[in-house]
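Scroll down for the structure; my scribbles are underneath it.
The values are calculated or read from the model by the stated rules, or taken from the named source; none is laboratory data. This structure is a prediction, so every number in the text was calculated from the model and none was measured. So basically every Cβ, Gly included, is an ideal-geometry build from the backbone, and we count neighbours across all protein chains shown. Note: areas computed on protein heavy atoms with side chains; ligands, DNA, RNA excluded. Shrake-Rupley method; radii C 1.70, N 1.55, O 1.52, S 1.80 Å.
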Amino acid sequence: MQDWIFDLGWIIAKILVVIGPLLIAVAYLTLAERRVIAFMQLRKGPNVVGPFGLLQPFADALKLMAKETILPAGANKVVFFIAPMLTFILSLVAWAVIPFGEGLVIANINVGILYLFAISSLGVYGVIMAGWASNSKYAFLGALRSAAQMVSYEVSMGLVIINVLLCAGSLNLIDIVEAQRDLWFALPLLPMFVVFFISTLAETNRAPFDLPEGESELVAGYFVEYSSMSFALFFLGEYANMILMSSMTVLLFLGGWLSPFDIWPLNIIPGPLWFIIKIMLVLFVFLWIRATTPRYRYDQLMRLGWKIFLPFSLIYVVLTAGFLLMTDRLPAVILS
């Protein structure tokens, strides 16, 4: 009995160690986005609340918590409030299998990449529920757009991940990182790296693929009727998904916690710190793209996903498998 209680307490402690810093990172990612975009547009951005504006995320949180939660007339009350909670919870549970270093993971399961892919696929349910339950044509159109967009680009993401799995020979995320000790997959799979990163932009509804939230035609899309903390949950979920997708990009293509060069002083930096640095660099590209790229039209978005990314990634799977088979590097588990 005592062993069971100790194991449960240890698991809860590991979860809190991951979730606590993640929520703080989400809060400061919102500040970083506003500051980065401001500097790119030659203005200052938030700089009043606290030194250098560092307390701005907490001021925003207090403002949202103090606001009234408004329920639209004709909305489905239960589904309306479940939708943002579902979106936020799904953005957190995916971190159970993300390794921050060798052995530093909550659950080291052998099908970690499938778990991540399944959780990311479920994210569309929160968006559809929010759009339908709001009883608003703008919210419903935004939900339909988001559902079609996420499904379209998940197909390409799945085929890109197959290329990585063929090279690594494992579905375990730690094994995938260890397979990149000599060469990061971003180099031999450079076209797939680019396709994957662009697909993550579409998957997280970020610019230039922020059509579900198109302010010019849909006001704010699927969460247009949300306010106070229900809106904040959608907001937190979106930014937590950005960090999650950045971590997936780092794990699959950029060597995870591995140092880029085995030379001093780079080789004395701990692995988890390398992992965080790489995530921050990928997140900066997210913000950079938002500040510099105009929004796609919806037909351009669909054409890119179905007519370019899908056939290209499918052809690349065949080329990767053929090359590995020709050079006798295809994993034995696949050949068997």
Can you tell me which residue within region 149-177, out of those that are open to solvent by 40 Å² or more (accessible area, probe 1.4 Å) and either in contact (Cβ under 8 Å) with a residue 24 or more places away in the chain or in a loop (DSSP other than H, G, I, E, B) (or both), is nearest to Tyr296 (Cα to Cα)?
-> Val151
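Within 29 Å of Ala291 (Cα to Cα) and touching a residue at least 24 places away in the same chain (Cβ under 8 Å): which single residue out of Ala38, Ala32 fits that description?
None of the other options fit; the residue is Ala32.
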Right, Val194: in a helix (DSSP H, G or I), of a type in the set (A, V, I, L, M, F, W, C) and open to solvent by 50 Å² or more (accessible area, probe 1.4 Å) or not?
-> yes
Count of residues meeting criterion [under 23 Å from Asn241 (Cβ atoms) and exposed (fewer than 14 other Cβ atoms within 10 Å of the Cβ)] in region 1-18 | 2
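Which residue out of Leu122, Leu90 is open to solvent by 60 Å² or more (accessible area, probe 1.4 Å), closer than 30 Å to Gly255 by Cβ, touching a Leu at 6+ places or on another chain (Cβ under 6 Å) and not in a loop (DSSP other than H, G, I, E, B)?
The match here is Leu122.
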Select from region 129-148 the residues that are assigned to a helix (DSSP H, G or I) and hydroxyl-bearing (Ser, Thr, Tyr) and write down the one among them that is least open to solvent (accessible area, probe 1.4 Å).
-> Ser146
Do we have any residue at all in region 229-243 that's of a type in the set (Asp, Glu), assigned to a loop (DSSP other than H, G, I, E, B) and farther than 22 Å from Val111 by Cα?
-> no
Quick one: which of Phe209, Phe185 is under 19 Å from Val317 (Cα atoms) and either touching a residue at least 24 places away in the same chain (Cβ under 8 Å) or open to solvent by 30 Å² or more (accessible area, probe 1.4 Å) (or both)?
-> Phe185
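Is at least one residue of region 241-256 farther than 19 Å from Ala94 by Cα, touching a residue at least 12 places away in the same chain (Cβ under 8 Å) and not basic (Lys, Arg)?
Initially, region 241-256 is screened for residues farther than 19 Å from Ala94 by Cα, giving 254-255.
Checking which are touching a residue at least 12 places away in the same chain (Cβ under 8 Å) leaves us with 254-255.
Still in the running and not basic (Lys, Arg): 254-255.
For region 241-256, residues farther than 19 Å from Ala94 by Cα, touching a residue at least 12 places away in the same chain (Cβ under 8 Å) and not basic (Lys, Arg): present.
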Which residues, taken from region 100-119, are farther than 20 Å from Leu23 by Cβ, touching a helix residue (DSSP H, G or I) at 6+ places or on another chain (Cβ under 7 Å) and not in a helix (DSSP H, G or I)?
-> Gly101, Glu102, Asn108, Ile109
Hits in region 281-313 (condition: surrounded by fewer than 19 Cβ atoms within 10 Å (Cβ to Cβ) and closer than 23 Å to Glu178 by Cβ) = Leu281
(1) β-branched (Val, Ile, Thr); (2) more than 30 Å from Phe140 (Cβ to Cβ); (3) open to solvent by 80 Å² or more (accessible area, probe 1.4 Å): which one isn't true of Val49, the others all being true?
-> (3)
